[in-house]
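Undergrad: Have a look at this one before I ask anything.
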Amino acid sequence: MLWRPLLANCRTLILRTGKPASNTAPPVADSYAWQRTCAAARDMPAVPSAEQVRAFLELWLQPWSVRGPAGEPATGLATSYYEPLVHASRERGGAYQWPLYAVPPDLLTIDLGGLYPELVGKRVRGKLDGRRVVPYDTRAEIERPERQPPAIVWVDDPVEAFFLQVQGTGRAVLDIGPGQGSTIRLAYADHNGHPYVSIGKWLIDKGELTMAQASMQGIRAWAQRNPARVKEMLNANPAVVFFREEAVADASEGPKGALGLPLTPLRSIAVDPSIVPLGSLAYLATTRPNTRQPMNLAVLAQDTGTAIKGPARVDLFWGFGDEAGDMAGRMKQESRLWVLWPKGEGVPIGSPPMR
């Protein structure tokens, strides 16, 4: 399962302009640093055995422990995400009342790095009010009929539509109307620029759920018991994700992550690219959801997320569908992370090698 996505990583990295390896973490794994390792990977058998893969990794890669600000081994948080399936229609009507939006035509995304080099990678989002740029609409404001962006689909359940936004991507099966019976992918395109607020935390703060109950499953159950308060709950999070429609060319492949490659279940992770370069191979030590059972995985840093910040903070892609969603919704485990970096090719993060 690891070898094919690793080769895809190599194909993506070697297309980038090579440059000398850096002693600080670049946003994307340094293509120059990986050239020799990727060339050696192409010389491996098309379907290597587990023993051959292990020998290759030990020969070519060096583990580097992700460290905290004081140089201590960082203990972080491992959560998980998945690709959900919602039931939808191209047209609003009947049960299909909950929109998933395309990017609004008046949304501005301003790259601050183009103005100030010290702010490279920083972006702000807003809209024009005369000659001023002001914050874009919140979730509650976007719901006003005169402000609604174009909807790609209308979903039959507000909570499921919300969870798809939280995941950042998902599939929609068209139950009725144009395209009936087909499945499309809704891929992340942009967001309204407002900070994400956890509705689970909102329910805890309101005394509606305990911390142990505030999983996706618990939130769904609360919504079923309190249909009149669902809109209030959802509007507690001002952030809105906008999508673009994609075809599902291969149902076995996951959505594309920030690196532009399809995500692989239990192999792809979202990371903070200021600490772990996108494209890196890594070793994740954590436990299975709600247990102390070890779950140690070789993974690939192929995605990012607005909530994924800090050392050893990872979001593990679990896969597609309800079973993956059940596991992902329960995943909130302690983690440690090691970056596996080509030997002799600089330092991917500011830390000493794992001993």
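Undergrad: Taking Val173, is it surrounded by fewer than 19 Cβ atoms within 10 Å (Cβ to Cβ), farther than 23 Å from Gly321 by Cα and aliphatic (A, V, I, L, M)? If you could, list the steps in order and put the result at the bottom.
TA: On the way: surrounded by fewer than 19 Cβ atoms within 10 Å (Cβ to Cβ): yes; farther than 23 Å from Gly321 by Cα: no; aliphatic (A, V, I, L, M): yes.
No; evaluated as a whole, the condition is false for this residue.
Undergrad: So if I check each of Ala285, Ala328, Ala312, which one is part of a helix (DSSP H, G or I) and out of contact with any helix residue (DSSP H, G or I) (no Cβ under 7 Å at 6 or more places or on another chain)?
TA: Details: Ala285 fails: part of a helix (DSSP H, G or I); Ala312 fails: part of a helix (DSSP H, G or I).
Of the residues listed, the single one that is part of a helix (DSSP H, G or I) and out of contact with any helix residue (DSSP H, G or I) (no Cβ under 7 Å at 6 or more places or on another chain) is Ala328.
Undergrad: Another one. Listed residues Gly325, Gly310, Gly321; which is at positive phi and modelled with pLDDT of 90 or more?
TA: Gly321
Undergrad: Looking at the stretch 52-90, which of its residues are surrounded by 13 or more Cβ atoms within 10 Å (Cβ to Cβ) and part of a loop (DSSP other than H, G, I, E, B)?
TA: Result: Val66, Gly68, Ala74, Thr75, Pro84, Arg90.
Undergrad: In addition: Within the stretch 229-244, is there a residue that is more than 23 Å from Ala151 (Cα to Cα) and either modelled with pLDDT of 90 or more or touching a strand residue (DSSP E or B) at 6+ places or on another chain (Cβ under 6 Å) (or both)? Let's see the steps before the verdict.
TA: Applying the first criterion (more than 23 Å from Ala151 (Cα to Cα)) to the stretch 229-244 yields 229.
If we keep only those that are either modelled with pLDDT of 90 or more or touching a strand residue (DSSP E or B) at 6+ places or on another chain (Cβ under 6 Å) (or both) too, we end up with 229.
Within the stretch 229-244, one or more residues are more than 23 Å from Ala151 (Cα to Cα) and either modelled with pLDDT of 90 or more or touching a strand residue (DSSP E or B) at 6+ places or on another chain (Cβ under 6 Å) (or both).
Undergrad: Same structure, new question: Which residue pairs have Cβ atoms under 9 Å apart, sit 6 or more places apart or on different chains, and have a first residue in the stretch 136-150 that is on the phi < 0 side of the Ramachandran plot and a second that is among the β-branched types (Val, Ile, Thr) and outside any loop (DSSP other than H, G, I, E, B)?
TA: So the pair list comes out as Tyr136/Ile142; Gln148/Ile142; Pro149/Ile142.
Undergrad: Next question, about the same structure. In the stretch 111-135, what residues are in contact (Cβ under 8 Å) with a residue 40 or more places away in the chain and surrounded by fewer than 12 Cβ atoms within 10 Å (Cβ to Cβ)? I'd like the intermediate steps shown before the answer.
TA: Step one: list which residues in the stretch 111-135 are in contact (Cβ under 8 Å) with a residue 40 or more places away in the chain, which gives 121, 124-126, 135.
Gly121 - this is the single residue of the stretch 111-135 that is in contact (Cβ under 8 Å) with a residue 40 or more places away in the chain and surrounded by fewer than 12 Cβ atoms within 10 Å (Cβ to Cβ).
Undergrad: Sticking with this structure for a sec: Which one is modelled with the lowest pLDDT among residues in the stretch 1-35 that are part of a helix (DSSP H, G or I) and of a type outside the set (A, V, I, L, M, F, W, C)?
TA: As a first pass, look at the stretch 1-35 and keep what is part of a helix (DSSP H, G or I): 3-14, 31-35.
So of that shortlist, the ones also of a type outside the set (A, V, I, L, M, F, W, C) come out as 4-5, 9, 11-12, 31-32, 35.
Numbers: Arg4: 89, Pro5: 90, Asn9: 86, Arg11: 86, Thr12: 84, Ser31: 68, Tyr32: 74, Gln35: 86.
By that ranking, first place goes to Ser31.
Undergrad: Follow-up question, since we're still on this one. Can you list residue pairs whose Cβ atoms sit under 6 Å apart, with the first residue in the stretch 31-42 being of a type outside the set (A, V, I, L, M) and the second being in a helix (DSSP H, G or I) and modelled with pLDDT of 85 or more? Count only pairs 6 or more apart in sequence or on different chains.
TA: Matching pairs, first to second residue: Thr37/Trp60; Cys38/Cys10.
The values are calculated or read from the model by the stated rules, or taken from the named source; none is laboratory data. Just so you know, these numbers come straight off a predicted model, no measurement behind them. Neighbour counts are summed over all protein chains in view; Cβ atoms, including those assigned to glycine, are modelled from backbone coordinates with ideal geometry.
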